[in-house]
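Take a look at the structure set out below.
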Amino acid sequence: MKSPFLQEMTGSEPLSIEEEYAMQKTWRTDNDKCTFIILSKEAQESAEACDIYDNSKMIGDVNFYLNDHYNPHEAELEVMIAESECSGKGIATEVLKLMMHYAVNHVGVTDFV
């Protein structure tokens, strides 16, 4: 993430490519978090086949974290829409609803903070 604005808003720091790959690996392997990349709907609805490896279609991410060791059914939600032209279109609301549905039905989450 190279945008100074997004770094400030997310509390992130610039990472080397090696650090970025290490971070991405934890997205798949850590048991206390779940991350999904948000792709542009327009890209998916076009006539061309959707290439999930084409990062030009990525507009953000959504996460939940299982941080409360006393309540393993509580999740903290976070969403980031990184592309300014995608803000204000209800995408974050839709994505959070989908993530909550996933967390409740596939992970056993009952409380969100």
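Quick notes on this one:
- Subset of the range 65-113 (residues that are of a type outside the set (S, T, N, Q), over 23 Å from GLU8 (Cα atoms) and part of a loop (DSSP other than H, G, I, E, B)): LEU66, ASP68, HIS69, TYR70, PRO72, HIS73, GLY108, VAL109
- Of all residues making up the range 85-109, the number that are within 25 Å of PRO72 (Cα to Cα) and of a type in the set (Ser, Thr, Tyr): 2
- For the range 38-50, filtering for residues that are modelled with pLDDT under 75 and either touching a Ser or Thr at 6+ places or on another chain (Cβ under 6 Å) or open to solvent by less than 70 Å² (accessible area, probe 1.4 Å) (or both) leaves 3.
- Hits in the range 57-88 - residues which are on the phi < 0 side of the Ramachandran plot and exposed (fewer than 12 other Cβ atoms within 10 Å of the Cβ): HIS69, TYR70, SER84, GLU85
- The condition (being open to solvent by less than 40 Å² (accessible area, probe 1.4 Å) and at pLDDT 85 or above) is satisfied by just one residue among THR35, THR93: THR35.
- The range 76-98 residues that are farther than 29 Å from GLY108 by Cα, paired with ones that are open to solvent by less than 40 Å² (accessible area, probe 1.4 Å) and of a type outside the set (A, V, I, L, M, F, W, C) (beta carbon under 9 Å, 6 or more apart): GLU83/SER40; GLU83/GLY60; CYS86/SER40; CYS86/GLY60
- Pick from the range 15-32, criterion open to solvent by 90 Å² or more (accessible area, probe 1.4 Å) and more than 15 Å from the chain's Cα centre (by Cα), ranking: nearest to HIS73 (Cα to Cα): ASN31
The values are calculated or read from the model by the stated rules, or taken from the named source; none is laboratory data. Keep in mind it's a predicted model, so treat the numbers as computed, not measured. As a convention, Cβ positions derive from the backbone with ideal geometry for all residues, glycine included, and neighbour counts pool all protein chains shown. Accessible surface areas use protein heavy atoms only, side chains included; no ligands, DNA or RNA. Shrake-Rupley method; radii C 1.70, N 1.55, O 1.52, S 1.80 Å.
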